[in-house]
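Structure provided below as structure tokens; questions to follow.
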Amino acid sequence: MERSLSMELVRVTEAAALASARWMGRGKKDEADDAATSAMRDVFDTIPMKGTVVIGEGEMDEAPMLYIGEKLGNGFGPRVDIAVDPLEGTNILASGGWNALSVLAVADHGHLLHAPDMYMEKIAVGPEAVGQVNVEAPIIDNLKAVAKAKNKDIEDVVATVLNRPRHAEIISQLREAGVRIKLINDGDVAAAINTAFDHTGVDILFGSGGAPEGVLAAVALKCLGGEIQGKLLPQSDEEFNRCLQMGLDIDKILMMDDLVSGDDAIFAATGVTDGELLRGVQFKGSHGSTHSLVMRAKSGTVRFVEGQHSLKKKPNLVIKA
Ligand code: VTB
Ligand code: MG
Ligand code: MG
């Protein structure tokens with residue numbers, strides 16, 4: 001993949017963020033998701049690549065755009081696989097909360113795990129704690145490991161977890177251990193990435209969330225030198241059979257190289273609402289502003305990109321909620 005592809009790809013998440021941001025707090029998550037998806041779709045086809053969606057908005061019969069298997073790009077350039085979540089955190093956006101993102105990852109063909117749409121148990125840490133945690137180890141052991149790796153007292157560790165009834169046991173063990181806890185309502189891609197940035201204050205992510213989101217987070221953490229491990233958690237016979245059909249071993253711990261193999265991968269995200277890492281979209285007069293993160297695993301370059309978009313000169317960006 002050409003390195004210039006990174007800059008092309010950030011335009012994709014910028015467009016999706018600008019489109020969905022109009023829906024902030026309006027309680028209409030599907031409309032917001034559709035706006036993000038359609039804006040993302042349009043920009044993809046201007047990019048020189050032969051892309052195939054491997055993680056997307058669903059199967060062809062259920063998703064009109066960015067469905068799994070859909071071909072993207074102008075048909076010239078490298079053959080790549082694409083993972084997208086045009087609006088990661090539809091509920092967040094619908095209530096104007098924190099950390100809604102537009103996200104994508106691109107890797108050489110065959111390098112992204114085709115994660116089925118089901119839960120994945122996850123643990124994520126930043127560079128300092130790589131190799132020190134294990135998704136199957138007791139919570140307390142992982143907390144001690146991250147505390148040691150980051151030279152922190154255990155009560156100074158900040159753990160983040162989706163606030164769900166299914167996580168009651170994890171949350172009670174975190175409280176027992178005396179760490180500080182960030183219970184989030186949604187958005188575990190942002191939460192996983194936050195573990196790799198000191199100023200976010202987050203040291204470790206626990207708990208289950210979407211498996212597709214796990215792959216997106218893995219690409220981000222590969223670029224940042226962090227780590228995520230996952231285990232698929234099928235919730236029904238149907239999901240179990242889906243794993244079987246796809247040749248996925250549900251007992252296997254999915255390590256970084258299982259989630260995204262090699263290091264030729266690019267990650268791009270734009271903030272839709274404000275978060276610890278990225279500011280959300282702002283509109284004023286004839287401009288929209290965006291704040292994005294774009295990174296390439298091969299070079300390890302991490303860029304924060306501020307965008308000022310003229311809504312006059314680019315009327316396609318003007319989307320009314
Ligand atoms: C997860 C998580 C996402 O939605 O997919 C979650 O990975 C859905 O899980 O970040 P629940 O069934 O617990 O709601 C997000 O939080 C947002 O897409
Ligand atoms: Mg989504
Ligand atoms: Mg999502």
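Counting other C-beta atoms within 10 Å, and keeping those with at most 10, which DSSP coil chymotrypsin sites (Phe, Trp or Tyr not before Pro) do you find in region 6-99? Please list the in-between numbers first.
Details: sites: TRP23, PHE44, TYR67, PHE76, TRP98; in loops: TRP23, TYR67, PHE76, TRP98.
Filter output for region 6-99: PHE76.
Measure off, as a whole percent, the carbon and sulfur share of the 1.4 Å-probe accessible area of the chain, all protein chains present. Mind showing how you got there, number by number?
On the way: 6590 of 13900 Å².
Accessible surface attributable to carbon and sulfur in the chain totals 47 percent.
Filter the trypsin sites (Lys or Arg not before Pro) in region 1-90 to those in DSSP coil with at most 12 other Cβ atoms within 10 Å of their Cβ, and list the result.
Working: sites: ARG3, ARG11, ARG22, ARG26, LYS28, LYS29, ARG41, LYS50, LYS71, ARG79; in loops: ARG3, ARG22, ARG26, LYS28.
Loop-located and lightly packed - ARG3.
On full extension of the chain, what length is gained from ARG242 through LYS298, given 0.36 nm per residue of separation minus the C-alpha to C-alpha distance?
Values: separation 56, 0.36 × 56 = 20.16 nm, distance 3.22 nm.
Separation in residues times 0.36 nm, less the Cα-Cα distance, equals 16.9 nm.
What translational diffusion coefficient, in µm²/s and rounded to a whole number, does the Stokes-Einstein relation yield for region 275-321 at 4 °C and a viscosity of 1.567 mPa s, taking the hydrodynamic radius as the Kirkwood radius over Cα pairs? Spell out each step's value before the answer.
Values: Rh = 12.3 Å.
In µm²/s, the coefficient is 106.
Compute the label zone of ALA63 within region 244-261: residues whose backbone N is under 20 Å from the point 7 Å along Cα-to-Cβ.
Within reach of a label on ALA63: 244-248, 259-261.
With a 1.4 Å probe and every protein chain left in place, work out the accessible area per residue of the chain in Å², rounded to a whole number.
Details: 13900 Å² over 321 residues.
Result: 43 Å² of accessible area for each residue.
In nanometres, what is the gap between the two model label sites at VAL318 and ARG279, each 7 Å from Cα along Cα-to-Cβ?
2.4 nm
So how far apart, in nm, are the two label points at ASN134 and LEU183 if each is 7 Å from Cα heading toward Cβ?
3.0 nm
How much net charge surrounds CYS243 when only the other residues with a Cβ under 12 Å from the Cβ of CYS243 are counted, with Lys and Arg +1 and Asp and Glu -1? Kindly include the intermediate steps, with their values, before the conclusion.
Values: positive: LYS231, ARG242, LYS252; negative: ASP117, ASP237, GLU238, GLU239, ASP249, ASP251.
Here the charged neighbours net out to -3.
Can you list the residues of region 279-311 with backbone N under 14 Å from a point 7 Å past the Cα of ARG3, pointing along Cα to Cβ?
Answer for region 279-311: 295-303.
Using the Cα centre of the chain as the reference point, and only Cβ charges (+1 on K/R, -1 on D/E), how large is the resulting charge dipole? Debye, rounded to the nearest 20. Present the calculation step by step, with values, prior to reporting the outcome.
Numbers: 33 positive and 46 negative charges, 275 e Å.
For the chain, the charge dipole is close to 1320 debye.
Just flag the GluC sites (Glu not before Pro) in region 1-100 sitting in loop per DSSP whose Cβ has no more than 15 other Cβ atoms within 10 Å. Provide the component values of the computation, followed by the final result.
Working: sites: GLU2, GLU8, GLU14, GLU31, GLU57, GLU59, GLU62, GLU70, GLU88; in loops: GLU2, GLU57, GLU59, GLU62, GLU70.
Listed in order of number, the matching sites are GLU2, GLU59, GLU62.
Follow-up. DSSP beta bridges in the chain, what fraction antiparallel, as a percent rounded to 5? It would help to have the intermediate numbers written out before the result.
Working: 50 of 63 bridges.
Looking only at bridges with both residues in the chain, the antiparallel portion is about 80 percent.
The values are calculated or read from the model by the stated rules, or taken from the named source; none is laboratory data. Note that the structure is predicted; figures quoted are calculated from it, not measured. Cβ coordinates were reconstructed from backbone atoms using ideal geometry, including for glycine residues, and neighbour counts include every protein chain displayed. Heads up: the accessible areas ignore ligands, DNA and RNA and are worked out on the full protein's heavy atoms, side chains in. Shrake-Rupley method; radii C 1.70, N 1.55, O 1.52, S 1.80 Å.
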